[in-house]
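Values quoted throughout were computed directly from the atomic coordinates according to the rules given, and no laboratory measurement underlies them. Here the structure is a predicted model, which means the values were calculated and not measured. Don't worry about glycine lacking a Cβ; one is built from the backbone with ideal geometry, like all the others, and counts go over all protein chains shown.
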Amino acid sequence: MADSGDLTSLLLRVEAITKNFGAVQALKGITFDVERGEVVALVGDNGAGKSTLVKIISGVYQPTSGKIILNGREVHFPNPAAAHAAGVETVYQHLALIEELDVADNVYLGRETTKYGVIGRMMGVLDRRQMRRATAAALESLHIKIPAPTMPVRMMSGGQRQAVAIGRAMTWGRQLLILDEPTAALGVEETEQVLAMIERLRDEAGMTFLVISHNMQDVYRIADKIVVLRQGRHAATLRKQETTMEEIVAYITGAK
Amino acid sequence: MSALPLTRQRAVETVARYGIVLVLVIMVAALTVLSPIIRGEQFFLTSRNLIQVALQAAINAIIATGMTFVITSGGIDLSVGANVALGGVTAALFMRDTGIGPIGGFFVAMAVGGLCGAFNGLLITRLDLPPFIATLGTMGMFRGMALIISDGRPVYGFGREFLQIFARQIDLPLIGAVPTQVVFALVIAVVFWWVLNRTKFGKYTIAIGGSEETTRLAGIPVNRYKMGIYILCGLLTGVAAALLLARLSSGDPTFGTFYELDAIAAAVMGGTSLSGGEGSIGGTIVGALVISLVRNGLNLFNVPSYWQDFVIGAVIVLAVMLDRWRKRQTRRV
């Protein structure tokens, strides 16, 4: 859950991040802030650098230069596990869950609890009963409704899957949740459920979100702040109250 | 794609899961009935023949248990047959020419198997080769090495003690005389059923087969686990190599030909998905028994042995078709 140990409201600062892939400069110096308890949307056309940036914040890629400052301290994430340890969780569009595993196994993927003491831990003997109980309780506390923690994800609808993926990230992400196109694969009703869930988690749990989306309606609805990228550069940071959907689109396309 | 109602999905899953048991029951019943009709005498349901069936199944079941892990992780190991030959020949040479003794010989076979598995794992994780290509290559390399170190000839004279330990029968209460090799296979099956279903190693094997990238993003050291999976398959193949060496009392560099076919067939017939993410050790053991029965049945009815590989190959194709069908029936989205 949201950590309120720090008095300042600044949670994450991305400072002058660049990323080169060989000769290609994917990110050319990106700077923006994310404050505690707000939903920040990261928007931009295909190839604007959104995914690269998110992968840097979540420890998949290393920046060529620039800093990531979390809670006032510079952090380095050499791998996803390091980002997880710092309380940064990412829900990837197509890579959120393992379809063949059940809900509890997914929620605890990479963070299994074991039984039989030290020997059990060395052998990695899963304590599934404990993990199922904790999963049911965690999802319940987030008001996420799923049929059963023992249901294979393969048998669930797109909305249920996204709810489980966000629930999983919420269970572990004490600081920041990054959502990659959370509604792209969903129908109208399911999209509404996921958006309502993000708003509820922000308002009730004080959770902070960085959301990548193509869908301007969704962005305009849930975001407090919109960061626009264009061709690897930071094009604009807009407060929702002070902007319009047309202005956002103008920044994305380069008309402005 | 149309999704079936959940109850229907569950029904399809159940049939796919336990269908192979039904096949086993039907085959036993059919062979029991047909054997006296065709051969004029009950050749099938005799303890001698059944022990033969179990013995044949045992060695395949041990390899197929390792193969189940590999296939569940989304990989394949085509080198197990060659690995059997290399492990057997190496162990036979060591026992013949040095004083390591029968237990030492057993561990030499296992070590060779484990090293072969580690080599496969390195090619797949470090050099990023597709498992099919990597193990196709090592299949040739391992077989070649078995021929080189044995000069292409069978190795004899490694001591009767080895056979007495690894190819005898033990008397079990209630059941009677059972070959040690069958006991080996059963113990291995139980242990690795537990590993696959109750431990992190098993869970990550399934996760890697489901989506390697998702597993990596969850912070799991995927390559380390993949190495472990191929080494496990190699070690179990080494055990099988030692048992085969004891059963046939010679180390022959041509042994184990097509063993990969039988092991893959046992796994996929038992419900392990060639596309990864799903595996069943229980199914694999039943699959190994069915294959052994197919061979036994064809023998009993004097079908030329050339047909056996044809039938086993056709069974693989059929099992994969059924797996695809099941996935279409049950997968949403």
- line: With 0.36 nm assigned to each residue of separation and the Cα-Cα distance removed, B:ASP171 to B:PHE258 gains 28.1 nm
- prompt: Can you give the relative contact order of chain B as a percent, counting alpha carbon pairs under 8 Å and 6+ residues apart?
  reply: 34
field: Förster radius 51 Å - calculated FRET efficiency between B:ARG247 and A:ASN20, Cβ distance, rounded to 0.05
entry: 0.25
message: With the crude spin-label approximation of a point 7 Å out along Cα→Cβ, what separation in nm comes out for A:ALA185 versus A:LEU10?
response: 3.7
- prompt: Given the options A:GLU204, A:GLU242, A:GLU181, which has the most mean-square fluctuation in a GNM of chain A, springs set between C-alpha atoms less than 10 angstrom apart?
  reply: A:GLU242
Residues of segment B:257-281 with amide N under 12 Å of the 7 Å Cα→Cβ point at B:PHE132: B:275
- line: Taking r as the C-beta separation of B:TRP307 and B:ASP97 and R0 as 56 Å, the FRET efficiency to the nearest 0.05 is 0.90
message: Given points 7 Å out from each Cα along the Cα-Cβ axis, report the A:ARG233 to B:LEU34 separation in nanometres with one decimal.
response: 7.7
statement: Under 5 Å from the placed amide H of A:ILE178, counting only residues 5+ away or on other chains, we find A:GLU89, A:THR90, A:VAL91, A:LEU210
- request: Going by C-beta contacts inside 10 Å, put A:ILE166, A:ILE17 in order with the fewest on the left.
  value: A:ILE17, A:ILE166
statement: Connecting every pair of Cα atoms under 10 Å apart in chain B and solving the GNM, the largest mean-square fluctuation among B:MET145, B:MET269, B:MET67 falls on B:MET145
- prompt: Based on the Cβ-Cβ distance of A:GLN241 and A:ASP45, what FRET efficiency does E = 1/(1 + (r/R0)^6) give at R0 = 22 Å, to the nearest 0.05?
  reply: 0.35
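For segment A:101-151, divide the Cα radius of gyration by the Kirkwood radius and give the resulting Rg/Rh value with two decimals.
On the way: Rg = 11.7 Å, Rh = 11.3 Å.
On the Cα set of segment A:101-151, Rg over Rh gives 1.03.
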- line: Within 10 Å of the Cβ of an average residue in B:197-210, the count of other chain Cβ atoms is 5
statement: The answer for the net charge of residues other than A:VAL39 whose Cβ lies under 9 angstrom from its Cβ, with Lys and Arg +1 and Asp and Glu -1, is -1
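Based only on the alpha carbon positions, what is the Kirkwood hydrodynamic radius of the protein assembly as shown, in angstrom?
Over the protein assembly as shown, the inverse of the mean reciprocal pair distance is 26.8 Å.
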- prompt: How about A:LYS19: which lysines have a C-alpha closer than 22 Å to its C-alpha, ignoring those fewer than 8 places off in the same chain?
  reply: A:LYS28, A:LYS50, A:LYS55, A:LYS67
